[in-house]
1. Taking the criterion of being surrounded by 12 or more Cβ atoms within 10 Å (Cβ to Cβ), outside any helix (DSSP H, G or I), in contact (Cβ under 8 Å) with a residue 12 or more places away in the chain and hydroxyl-bearing (Ser, Thr, Tyr), would at least one residue in the range 94-106 satisfy it?
2. Is one or more of the residues making up the range 43-56 modelled with pLDDT under 95 and in contact with a Ser or Thr (Cβ under 8 Å, 6 or more places away or on another chain)?
3. Assuming PRO55 fulfils every condition listed in (1) crowded, with 16+ Cβ neighbours inside 10 Å; (2) over 16 Å from LEU6 (Cβ atoms) apart from one, which condition is it?
4. Could you pull out every one of the helices (runs of 4 or more DSSP H) wholly within the range 1-72 that has 3 or more residues that are aliphatic (A, V, I, L, M)?
5. Please determine whether any residue of the range 108-130 is without any contact (Cβ under 8 Å) to a residue 40 or more places away in the chain and among the basic types (Lys, Arg).
6. Whether any residue in the range 108-126 is assigned to a loop (DSSP other than H, G, I, E, B), open to solvent by less than 40 Å² (accessible area, probe 1.4 Å) and either of a type in the set (Lys, Arg) or closer than 14 Å to TYR3 by Cβ (or both) is what I want to check.
7. Exposed (fewer than 13 other Cβ atoms within 10 Å of the Cβ) and of a type in the set (S, T, N, Q) - does that describe any residue in the range 17-32?
Amino acid sequence: AEYITLIVNAMGIELTESKGTIFKDIDASQWYSDAVETGFYSGLVSGNLDGNFRPDDVISRNEVAVILSNLQEGTSSQNLFDLAFADSNEVPEWAMSGVKFVAREGLMIGGGDNMFRGYNSLSRAEAAVVVYSYLNRFNK
């Protein structure tokens, strides 16, 4: 919930007033409900197949990559980009396009051991750096 709120605010996306009907685990009275529903209607997030968003969970590097990729409509050319991470085979299909996008654009890189570690979470500081890098790259 914190990350999608950061993205929606940073991008200046007009908030949708939450009705609390999109995700089973988000009530319209929660502080982040408008931003989460805005993210949903903007095509940035989709939640889980079970109808939940998991607003209190930590966000993974895979999930951040997908959200950033979703900000860029028509970026299908990243599918032609080959990942060079040693753990590329561990990137799930649902995240592959997003991970290729952030790798191609240099928004997220692997560690010194060339591992992307897509299931690892991001700290608030790391999330802020990624958003800052995105804004500097695409919002000029």
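1. no
2. No, that holds for no residue.
3. Result: PRO55 passes all but (2).
4. Passing ranges, in order: 2-11, 61-71.
5. no
6. Checked against the condition, which is being assigned to a loop (DSSP other than H, G, I, E, B), open to solvent by less than 40 Å² (accessible area, probe 1.4 Å) and either of a type in the set (Lys, Arg) or closer than 14 Å to TYR3 by Cβ (or both), the range 108-126 yields at least one hit.
7. Looking through the range 17-32, at least one residue is exposed (fewer than 13 other Cβ atoms within 10 Å of the Cβ) and of a type in the set (S, T, N, Q).
The values are calculated or read from the model by the stated rules, or taken from the named source; none is laboratory data. Since the model is a prediction, treat every value here as computed from it, not as a measurement. Here Cβ is always computed from backbone atoms with ideal geometry, including for glycine, and neighbour counts include all displayed protein chains. With ligands, DNA and RNA removed, areas are computed over all heavy atoms of the protein, side chains included. Shrake-Rupley method; radii C 1.70, N 1.55, O 1.52, S 1.80 Å.
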